[in-house]
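Right, one structure below, let's go through it.
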Amino acid sequence: MSGLTLGVSAENRRKKFLPYLLSYNSGRIISYSIAGAMAASLGAVSANYGFGIELRKIFTLLAATVMIFLGLYLTGWWISAILKIEKVGSFFWKIIEPYAKKYVPIRSTGQALIAGLLWGWLPCGLVYSTLFLAMSAKSISQGVLIMLSFGIGTLPVLMTIGYFSDSLIKQLQKKWLRISTGLMIIGFGIFQFKLLL
């Protein structure tokens, strides 16, 4: 998010920055919703072969595991954990990345929307954990809703980063903040395990 917005000219930053951010994040959330539909479809097809509830539990446990790995990465206690998981999506991203780079820096709201649609497929551990939850959905519409909710939930933070990229990123890199955030995410993952086991 910071890299995308730092390329915006000073004039456009003053006049059009909010429309740019809204358009970019709208595209990102649309991509998440499409991914949610795809993930839920995959889960539904698998469930049709007789796995049902057991398969949904497995996908939820995988989501919890990825969350714990992400938390360990943020704390700095196991950096390679989430990087290995993100490599799974790197093959698909290699196809999209050349097209995504063409829309940076952003120069119009339409370009921002397309950039969001493309950059929404960037490999990300937190997105993958939510996609596993979408795979456990009972319907495609529920899978879309899971990813839509995730996208909207990340909107305040990414909008803030867009506005205050330089100063905010320095704050986010502070060790105490990374550790406390990592522990919180690990806690969410453990809570999911307790609900299912």
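Things worth noting here:
- Hits in the stretch 1-42 (condition: within 19 Å of the chain's Cα centre (by Cα), of a type in the set (Gly, Ala, Ser) and modelled with pLDDT under 80): SER2, GLY3
- Residues located in the stretch 62-93, provided they are of a type outside the set (A, V, I, L, M, F, W, C) and either assigned to a loop (DSSP other than H, G, I, E, B) or modelled with pLDDT under 85 (or both): GLY76, SER80, LYS84, GLU86, LYS87, GLY89, SER90
Residues checked against (1) free of Cβ contacts under 8 Å to residues at least 12 places away in the same chain; (2) crowded, with 21+ Cβ neighbours inside 10 Å; (3) in contact with a Gly (Cβ under 7 Å, 6 or more places away or on another chain):
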{"position": "PHE69", "(1), (2), (3)": "no, yes, yes"}
{"position": "LEU74", "(1), (2), (3)": "no, yes, yes"}
{"position": "ALA81", "(1), (2), (3)": "no, no, no"}
{"position": "PHE92", "(1), (2), (3)": "no, no, no"}
{"position": "ILE95", "(1), (2), (3)": "yes, no, no"}
{"position": "LYS102", "(1), (2), (3)": "yes, no, no"}
{"position": "PRO105", "(1), (2), (3)": "no, no, yes"}
{"position": "THR109", "(1), (2), (3)": "no, no, no"}
{"position": "ILE114", "(1), (2), (3)": "no, no, yes"}
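- GLN171 vs. criteria farther than 18 Å from GLY71 by Cβ, of a type in the set (S, T, N, Q), assigned to a helix (DSSP H, G or I) and at pLDDT 90 or above: no
- Among the candidates ILE106, ILE96, the residue that is at pLDDT 90 or above, under 17 Å from SER31 (Cβ atoms) and either out of contact with any Asp or Glu (no Cβ under 7 Å at 6 or more places or on another chain) or assigned to a helix (DSSP H, G or I) (or both) is uniquely ILE96.
- Test: SER136 is surrounded by 15 or more Cβ atoms within 10 Å (Cβ to Cβ), in contact (Cβ under 8 Å) with a residue 24 or more places away in the chain, at negative phi and in contact with a Ser or Thr (Cβ under 6 Å, 6 or more places away or on another chain): yes
The values are calculated or read from the model by the stated rules, or taken from the named source; none is laboratory data. Just so it is clear, the structure is predicted and the values come from calculations on it, not from any experiment. Counting neighbours? That spans all protein chains shown, and the Cβs are built from the backbone with ideal geometry, glycine included.
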